[in-house]
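Comments concern the structure below.
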Amino acid sequence: MMDVYIIVFFIFGTIIGSFLNVVIYRLPREKSIISPPSSCPECGKKIRWYENIPIISYIFLRGKCSSCGTRISLRYPFVEFLTGIFSSLTYVKWGLSLDTFFCFIFLSLIIAVIFIDIDFKIIPDEINLLGFISGIIYSFFRTDFSILDSIIGAFVGAGFLFLIAYFYLKVKKIEGLGFGDVKLLAFVGTYLGWFGSLFTIFFGSLLGAIVGIGYSLLSKGKYEGKLEIPFGPFLGIAAVIYLFFGEDIRRFYFGG
Ligand SMILES: [Zn+2]
């Protein structure tokens, strides 16, 4: 029997994903995320409610603005779909619980971080702060985790990344890491704890290195030294992996 909640959670997730698209577009441009209602960035035509149904509208509009025909990026339905999948997965893993609620907040914020960092090479303070506060609040309700674990997680993650950023800046004179990444680890640490923070940094670095090397090989060194790959997306992916598989990763690492 298919659990109908999986579908309910998926639909709910796509609606939140639609809102995340607005956040990703407007927050780094310092526009209000509440008003005005969405419009085509090309011709300014207001998007009607039936043109704003997650994923479905994109298919019916064939990926074009109904007024001027400008292509709508495939990323919009992708973000909606991804958020829907994450929403369903939180339900599958944590059921109808506060864990599901808070972990979905975590995942939604990480999605916003990943795409804003790809577009603008920044991670807005608003997102990191919201994540940090929600992680602290969540720790009050957790059975596996105390508020102290949450705060230590934030300090270990942000502190470790800060030292790396400082080293690059002062010793190697490279602005390799943004302080947005440091603040991101403070947010991530409140949810994942000290071990999850360190996992996020190491696994995120590994992913970044693999992609960076792959990219420079494919481009035959064309971007050598000039290529600026944002770190946030890799940290975000690593944090999501730990959120879902943290227990297995800890068991693998510590044995038992
Ligand atoms: Zn248009």
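Summary table
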| item | result |
| --- | --- |
| MRE, 222 nm, helices only [DSSP H, n ≥ 4, -39500 (n - 2.57), over the chain, to nearest 500] | -24000 deg cm²/dmol |
| Highest average packing first - 246-254, 72-80, 24-32, 53-61, Cβ atoms within 10 Å | 72-80, 53-61, 24-32, 246-254 |
| Within the chain: Cβ-based charge dipole about Cα centre, in debye rounded to nearest 20 (Lys, Arg +1; Asp, Glu -1) | 820 debye |
| Estimated dipole of the range 124-256 in Debye, rounded to 20 [Cβ of Lys and Arg +1, of Asp and Glu -1, Cα centre] | 460 debye |
| Net +/- balance of residues flanking residue 181 in space, Cβ distance below 11 Å, scoring K and R +1, D and E -1 | +1 |
| Selection from 100, 143, 32, by position along the positive dipole direction of the chain (Cβ) | 32 |
| Of the DSSP H helices in the chain, those whose Cα atoms cover at least 30 Å axially and whose Kyte score averages 0.0 or more | 4-26, 98-120, 147-170, 179-218 |
| Spin-label pair residue 220/residue 118, simplified geometry with 7 Å Cα→Cβ offset, distance in nm | 2.7 nm |
| Amide proton proximity set for residue 39, modelled H, under 5 Å, gap of 5+ | 47 |
| Förster radius 35 Å - calculated FRET efficiency between residue 170 and residue 101, Cβ distance, rounded to 0.05 | 0.25 |
| Total charge dipole magnitude, the range 4-67, about the Cα centre, Cβ charges on Lys, Arg, Asp, Glu only, Debye to nearest 20 | 180 debye |
| Bins of 5 Å, starting at 0 and running to the largest distance - Cα pair percent for the range 124-256 | 2, 11, 18, 21, 18, 13, 9, 5, 2, 1, 0 |
| 23 Å Cα-Cα reach of residue 183 towards lysines, excluding residues that sit fewer than 8 places from it in its own chain | 31, 121, 170, 172, 173 |
| Under 5 Å, built H, 5+ apart or other chain: amide partners of residue 72 | 64, 65 |
| Cα shape, the chain, gyration tensor, a/c 1.5 rule | oblate |
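A short reminder: the numbers here are calculations on the coordinates, not readings from a lab. Just so it is clear, the structure is predicted and the values come from calculations on it, not from any experiment. Glycine also receives a Cβ, built like all others from the backbone with ideal geometry; neighbour counts cover every protein chain displayed.
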